[in-house]
Amino acid sequence: MKKNLLLGLLAGVAALFSLAVSAEPAADYAREKKWADEVVPGLVVGDPVYLQTPRGHRKFLALFTPVADTDKAAVVVHGMGIHPDWGMVGTLRTELSDRGFATLSIQMPVLAADAKSEAYAPTFPEAAERIAEAVEFLKAKGYTQLAIVSHSMGSRMSRGYLAGKPDPAVKSWASLGISVDDYAGLKLPILDLYGDNDLPAVLANAGKRKQSLAAAASKQTMIARADHFFTGHEAEMVAAVADFLAATLK
């Protein structure tokens with residue numbers, strides 16, 4: 001009787017755990033494939049490559065733009081629900097390469113188009129794995145001075161990677177339009193870049209973020225009249241990021 005009761009309790013716990021797991025939003029791999037099918041045929045700059053995380057998730061798209069005679073490169077991490085060649089992200093990956101930095105712009109986990117930002121937290125472990133795979137790819141290509149350049153939700157995902165055990169080859173982080181309170185615990189040089197017409201959460205936490213910058217080469221920069229996507233101010237955005245990378249990747 002006691003054995004049957006115990007088995008019943010264990011089965012109940014297992015069922016509850018299964019329901020909790022299934023309630024978490026899973027990355028929308030079909031939507032990722034749709035993005036890839038749209039992006040790759042129209043690609044003008046860079047080459048499509050496919051990377052895979054250790055846990056056996058489906059392969060994910062990355063856009064690699066190599067630069068000869070340098071060991072400096074950036075992993076470019078886009079924001080919520082989009083793709084690695086979208087708008088300002090495409091501008092960053094191509095124009096940074098024009099300035100001498102190889103780039104690898106990676107597809108991050110996406111959810112359904114109507115998903116809210118708070119629903120993305122369960123995707124952060126996979127996001128960190130993807131960034132780690134991107135770092136390994138660039139190192140294998142001979143790039144040993146690496147930076148992460150990220151925007152919005154991609155910056156939140158990048159913070160998760162950097163708060164773990166980042167590869168020593170990652171020397172700095174350009175964090176654009178991030179809404180977190182601070183950078184507590186991070187020791188590498190950070191560029192905190194945002195627009196003065198940015199999202200309310202980005203603006204509200206700007207002071208706390210600045211106070212938490214620990215490394216000597218870290219700095220906070222606001223671009224006047226720029227919105228969350230730096231619309232119409234892309235040249236200033238690229239210049240700020242490129243100058244920071246030049247100062248922190250030796």
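What follows draws every value from the coordinates through simple rules; no lab data is involved. Predicted model, so just to flag it, every value in this text is computed and none were measured. No Cβ is skipped: glycine too gets one built from the backbone with ideal geometry, and neighbour counts run over all protein chains shown.
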**Asked** What's the Cα-based Rg to Rh of region 171-246, Rh via Kirkwood?
**Response** 0.95
**Prompt:** Once the Cα atoms of helix 2-23 and of the chain are each reduced to a long axis, what angle between those two axes, in degrees from 0 to 90 to the nearest 10, is obtained?
**Reply:** 30 degrees
**Flagged links, alpha-carbon separation over 23 Å, of LYS72/LYS208; LYS34/LYS59; LYS141/LYS171; LYS141/LYS210; LYS116/LYS165; LYS33/LYS139** = LYS72/LYS208; LYS141/LYS210; LYS116/LYS165; LYS33/LYS139
**Neighbourhood charge, 10 Å Cβ-Cβ cut-off, centred on PRO66 and excluding it, Lys, Arg +1 and Asp, Glu -1** = 0
**Request:** Please give the helix 29-39 orientation as an angle from the longest Cα principal axis of the chain, in degrees from 0 to 90, rounded to the nearest 10.
**Result:** 30 degrees
**All aspartates and glutamates inside 16 Å of LYS187 as judged from Cα atoms, apart from same-chain residues fewer than 8 positions distant** = ASP167
**Request:** Find how much the distance from TYR29 to GLU136 grows on full extension, using 0.36 nm per residue of separation minus their present alpha carbon separation; answer in nm with one decimal.
**Result:** 36.3 nm
**Prompt:** Under a point-charge model restricted to the Cβ atoms of Lys and Arg (+1) and Asp and Glu (-1), what is the dipole moment magnitude of region 107-250 relative to its Cα centre, in debye to the nearest 20?
**Reply:** 520 debye
**Prompt:** the chain: percent of C-alpha pairs farther apart than 30 Å?
**Reply:** 27 percent
**Item:** Distant-in-sequence amide H partners of MET108 (H built 1.01 Å from N, under 5 Å)
**Value:** HIS78
**Request:** With +1 on each Lys and Arg Cβ and -1 on each Asp and Glu Cβ, and nothing else charged, work out how big the dipole of the chain is about its Cα centre, in Debye to the nearest 20.
**Result:** 940 debye
**Fill in**
With label points set 7 Å from each Cα along the Cα-to-Cβ direction at ASP47 and ALA216, the distance between them in nm comes to 3.9 nm
**Residues LEU92, LEU51, sorted so that the one with the fewest Cβ neighbours within 10 Å comes first** = LEU51, LEU92
**Item:** the chain: angle of helix 87-98 to the longest principal axis, Cα-based, in degrees nearest 10
**Value:** 50 degrees
